[in-house]
1. Short version: ³J(HN,Hα) in whole Hz for each residue of the stretch 2-7, in order, from phi by Karplus 6.51 cos²θ - 1.76 cosθ + 1.60 (θ = phi - 60°), x for Gly and Pro, what are they?
2. Which log10 I(q)/I(0) values does the stretch 78-188 give at q = 0.13, 0.17, 0.22 Å⁻¹ under the Debye formula, counting every alpha carbon as one identical point scatterer?
3. Amide H neighbours of ASN184 under 5 Å, at least 5 residues apart or on other chains, H built in the peptide plane: list them.
4. Compute the acute angle (0 to 90°) between the alpha-carbon long axis of helix 120-137 and the principal axis of greatest extent of the alpha-carbon atoms of the chain; round to the nearest 10°.
5. Explain nothing, just compute: Karplus ³J(HN,Hα) = 6.51 cos²θ - 1.76 cosθ + 1.60, θ = phi - 60°, for every residue of the stretch 43-53 in order, whole Hz, x for Gly and Pro.
6. Give the long-range amide H neighbours of GLN71: residues separated by 5 or more places, or on another chain, with amide H under 5 Å away, using H modelled in the peptide plane at 1.01 Å from N.
7. Note the per residue figure in Å³ for the convex hull of the C-alpha positions in the chain.
8. Could you run the Karplus curve 6.51 cos²θ - 1.76 cosθ + 1.60 with θ = phi - 60° over the stretch 72-85 and give me ³J(HN,Hα) per residue in whole Hz, x for Gly and Pro?
Amino acid sequence: MGLREWIEGWPVYRQFTDGDRTGRGSAAKSRTSENLRPRTGTADKVVKSICPYCAVGCGQNVYVRDERVVQIEGDPDSPISRGRLCPKGSASLQLTTGDARTHQVLYRRPYATEWESLDLDTAMDMIADRVLSARDEGWQSEVDGVRTNRTLGFASLGGATLDNEENYLLKKLYTALGAVQIENQARI
């Protein structure tokens, strides 16, 4: 690339010679950005969805190509968010395609320094065994002569992404198990 080509490619030079005095049009574009195309333009389909992060329920357009998510943007048709997403919602593409996402159950035994992979059935059995064990160890049939039939062996703290129906079912489950310490993060 010669000096003349370099000078003519310089944005300030283009700003004054192309009539783009504010530098917001063609002068602001490089050769690279001139050839860029949006990821949404290559999508096979657009699927409507809801952001999974909080209880607001912002609408999302999920762009899919070859059965893989290629982009997630705010849904302008959503009456809740009108096409806007918070920083977490804007980064939700990483939930599906992020390199840091694990696709297996990881478990670190007590006092261990390394994680090990478990199959899902084994992990679910371990969780069920621990819930029942904590329930039994913390069970109180009576407190000060008053019948209670409760456990203080575990508690539940729900997340704000749960809807009313999910919270209702979790409340029934934990109450049936005898738990009394049941709260939701959205209320804290």
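1. x, 4, 4, 5, 5, 5
2. -0.80, -1.11, -1.25
3. GLY158
4. The helix 120-137 is inclined about 40 degrees to the chain.
5. Once rounded to whole Hz, the list reads 6, 6, 8, 10, 10, 7, 8, 10, 4, x, 7.
6. Hits under the 5 Å cutoff: TYR63.
7. On the way: hull volume 47.3 nm³, N = 188.
In the chain, the Cα convex hull volume per residue is 252 Å³.
8. Using θ = phi - 60°, the values come out as 10, 9, x, 8, x, 7, 6, x, 7, 10, 6, x, 9, 9 Hz.
We did not get these values from a lab; they are worked out from the coordinates using the rules stated. Just so you know, these numbers come straight off a predicted model, no measurement behind them. Ideal geometry is used to build each Cβ from the backbone, glycine not excepted, and the neighbour counts take in all protein chains shown.
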